[in-house]
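Take a look at the structure below.
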Amino acid sequence: MRHFAVVGSGPAGFYTAEALAKAYEDQARIDIIDRYSVPYGLIRFGVAPDHQSLKAVAKRYDKVADGSGVDFIGNVTVGSDVAVAELLDLYDAVILATGAPHDRKLGIPGEDLPGVVGSAEFVGWYNGHPDFADLDPPLGGQSAAVIGVGNVALDCARILSKTRHEFEGSDIVGHALDALENSAIKTVTIVGRRGPHQIAMTPKELGELAHLEVALPVIEPADFPPLEADEPLDPGLRKSVGLLRGFAALEASKPKSIVFDFFAKPVAIEGAGKAEQIIVERTRLDDNGAALGTGETYAVPASLVVTAIGYSTPPIDGVPYDDRGGKFLNASGKIDDRLYCVGWARRGPSGTIGTNRPDGYEVAEQIAAAIPPGGSGARKGAEGLKALLGGRGVMVTDYEDWRRIEETEAANARPGSPREKFVRVDHWLGALDR
Ligand code: NAP
């Protein structure tokens, strides 16, 4: 019997566990270890609460966890409760699927002012991440800004612009729903350092902006190149740019606006003790499509600034790390002998949830090729891990425990919502009566 530890229970972790279970059939035990007693990582804490169809992929992960040979070990932080080197003693291979939950920094003056939050923090706040339950983003001003023109920026701008009614059927947590309902924000400016042809937003997500109850997207027609310049774009981007062109032609008709401010590079965030405005420098593109400052600056008012400029993987002691890429140093997923990484921890924060499936399968194939079924039986796997953690006073949880938490969250849901998430670690554990 082989023993594998998959660290992280988000999409990358579950797809890798699924692939390992298939590759080894009944010849391996796979433990999915998570720092929390609730699984799914990005699906629970990252995917927007009003995108329930995307969250439904968790049902597939449940089947993996229910399958023979796969176990969930929750409430264990690798790096502090147990070291990677210790896991390597206990398991035939360790696969880090820890995602990229840390916000990248802009590196400009004023970034640390109150009122400036990273998208991981803001998204975590409305999605019930225990680290951000107390974020309390300032929603009392009329203007907010989101920096970056990717899908996360779209999520943040949309969530800031929806009515309570539009959150029906979502699992946005109660504290965020109430705060957003009382928000005074009328204008959300999405700040892009390059132009409409350089957006990282996808058409389905962008299209949603046209159907908001009280908010309308606004774009300067002058920001677009001539129409024929759209022709060579790849089909997805061409569709997105087409949507943006449609937004530029809309007549102002709603009380709130989502303004796209293109060719605007943030150079400072200013305010008296808190964010009040972003100073941006007007840019133009060089021949390679990079943003060049023109020297012209202006202010974008914003008492809440959400930076949505990408994420990085937190380093773990003893694991080689690529500082520039913000991920583990690896070659096609292999970090070292018997140590691998998958998903965003392997390749950085890009692609859709589905991208993690081939990624996990590819790494599982590599492992299967390097570590044939069998083995000396020297590795103790979960039994050894639980003994070690028990000795350190760490209380581990399992998938049955998660099912009980899930049932309680479902029972606590407001009408029409699938769940009211617990937003504190001790509330999860409290639901288990331990
Ligand atoms: P992203 O797609 O990489 O977008 C990051 C944005 O930040 C880019 O527009 C980038 O502009 C900008 N940026 C980076 N550094 C900047 C700086 N210093 N100043 C100003 N702007 C800066 O990242 P993301 O939005 O965080 O999304 C991560 C991944 O999750 C993506 O693959 C995304 O598609 C996916 N996702 C999908 C969904 C969905 O399918 N519904 C929802 C959310 C996220 P430049 O291009 O100029 O660098």
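The values are calculated or read from the model by the stated rules, or taken from the named source; none is laboratory data. From a predicted model like this one, the values you see are computed outputs, not experimental measurements. Note that each Cβ is placed from the backbone with ideal geometry, even for glycine, and that neighbours are counted across all protein chains shown.
I'd like to know if the stretch 271-287 contains one or more residues that are free of Cβ contacts under 8 Å to residues at least 24 places away in the same chain, in a strand (DSSP E or B), away from the ligand (no atom under 13 Å from the Cβ) and under 30 Å from L96 (Cβ atoms). Scanning the stretch 271-287 turns up no residue that is free of Cβ contacts under 8 Å to residues at least 24 places away in the same chain, in a strand (DSSP E or B), away from the ligand (no atom under 13 Å from the Cβ) and under 30 Å from L96 (Cβ atoms).
Test G325 against the criterion of being under 26 Å from D155 (Cα atoms), within 16 Å of the ligand (Cβ to nearest atom) and not hydrophobic (A, V, I, L, M, F, W, C), and give yes or no. Against the criterion (under 26 Å from D155 (Cα atoms), within 16 Å of the ligand (Cβ to nearest atom) and not hydrophobic (A, V, I, L, M, F, W, C)), G325 qualifies.
For the stretch 217-236, the set of residues classified as away from the ligand (no atom under 12 Å from the Cβ) and part of a helix (DSSP H, G or I) consists of P221, A222, D223, L227, E228, A229, D230, P235, listed by residue number. Can you tell me which residue is nearest to the ligand (Cβ to nearest atom) among those in the stretch 163-175 that are under 20 Å from the mean Cα position of the chain (by Cα) and among the β-branched types (V, I, T)? Top of the filtered list is I172. Among the residues of the stretch 207-216, the one identified as within 15 Å of the ligand (Cβ to nearest atom) and within 13 Å of V259 (Cα to Cα) is L209.
Return the pairs, sorted by first residue and then second, in which the second residue is part of a loop (DSSP other than H, G, I, E, B) and of a type in the set (S, T, Y), the first residue lies in the stretch 397-417 and is in contact (Cβ under 8 Å) with a residue 12 or more places away in the chain, the beta carbons are less than 6 Å apart, and the residues are 6+ apart or on different chains. Once the first residue is in contact (Cβ under 8 Å) with a residue 12 or more places away in the chain and sits in the stretch 397-417, its partners that are part of a loop (DSSP other than H, G, I, E, B) and of a type in the set (S, T, Y) give T397/S37; D401/S37.
Looking across the stretch 334-355, the residues that are within 11 Å of the ligand (Cβ to nearest atom), farther than 17 Å from P314 by Cα and not hydroxyl-bearing (S, T, Y) come down to G351, I353, G354.
For first residues located in the stretch 189-205 and over 20 Å from L106 (Cα atoms) and touching a residue at least 24 places away in the same chain (Cβ under 8 Å), partners that are among the small types (G, A, S) and more than 9 Å from the ligand (Cβ to nearest atom) and lie 6+ apart or on another chain with Cβ distances below 6 Å form the pairs P203/S240.
Considering the stretch 51-145, the qualifying strands (runs of 3 or more DSSP E), each wholly inside and each with 1 or more residues that are outside the structural domain of K334 (by TED's automatic domain parsing) and touching an Asp or Glu at 6+ places or on another chain (Cβ under 6 Å), run over 116-118. The criterion of at least 2 residues that are on the phi < 0 side of the Ramachandran plot and under 28 Å from the mean Cα position of the chain (by Cα) is met by the following helices (runs of 4 or more DSSP H) wholly inside the stretch 358-434: 399-411, 425-431.
Here's the yes/no breakdown for (1) modelled with pLDDT of 95 or more; (2) in contact with a Lys or Arg (Cβ under 7 Å, 6 or more places away or on another chain):
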site	(1), (2)
V363	yes, no
G375	no, yes
A378	no, no
G381	yes, yes
K386	yes, no
L389	yes, no
V394	yes, no
T408	yes, no
A413	yes, yes
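The number of residues in the stretch 300-321 that are within 12 Å of the ligand (Cβ to nearest atom) and touching a Leu at 6+ places or on another chain (Cβ under 7 Å) comes to 2.
Here is a yes/no grid of residues against (1) surrounded by 13 or more Cβ atoms within 10 Å (Cβ to Cβ); (2) closer than 30 Å to A153 by Cα; (3) outside the structural domain of V152 (by TED's automatic domain parsing); (4) in contact (Cβ under 8 Å) with a residue 24 or more places away in the chain:
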position	(1), (2), (3), (4)
T355	yes, yes, yes, no
D359	yes, yes, yes, yes
E365	yes, no, yes, yes
P372	no, no, yes, no
G375	yes, no, yes, yes
A378	no, no, yes, no
A382	yes, no, yes, yes
L385	yes, no, yes, yes
L388	yes, no, yes, yes
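Taken over the stretch 106-136, the criterion of being of a type in the set (D, E, K, R) and without any contact (Cβ under 8 Å) to a residue 24 or more places away in the chain is satisfied by D112, E121, D131, D134. Restricting attention to the stretch 311-340 and to residues that are outside any loop (DSSP other than H, G, I, E, B) and touching a helix residue (DSSP H, G or I) at 6+ places or on another chain (Cβ under 8 Å), the residue that is surrounded by the fewest Cβ atoms within 10 Å (Cβ to Cβ) turns out to be K334. Within the stretch 137-166, residues that are over 17 Å from A184 (Cβ atoms) and touching a residue at least 24 places away in the same chain (Cβ under 8 Å) have Cβ atoms under 6 Å from residues that are more than 11 Å from the ligand (Cβ to nearest atom) and part of a loop (DSSP other than H, G, I, E, B) in these pairs: E166/E213, counting only partners at least 6 apart in sequence or on another chain. Counting the residues of the stretch 176-197 that are part of a strand (DSSP E or B) and within 11 Å of the ligand (Cβ to nearest atom) gives 2. Considering L154, L106, the condition of being modelled with pLDDT of 95 or more, within 16 Å of the ligand (Cβ to nearest atom) and touching a Ser or Thr at 6+ places or on another chain (Cβ under 6 Å) is satisfied by L106 alone. In the stretch 237-253, is there at least one residue being in a strand (DSSP E or B), modelled with pLDDT of 95 or more and within 16 Å of the ligand (Cβ to nearest atom)? The answer is no, given that none of the residues of the stretch 237-253 is in a strand (DSSP E or B), modelled with pLDDT of 95 or more and within 16 Å of the ligand (Cβ to nearest atom).
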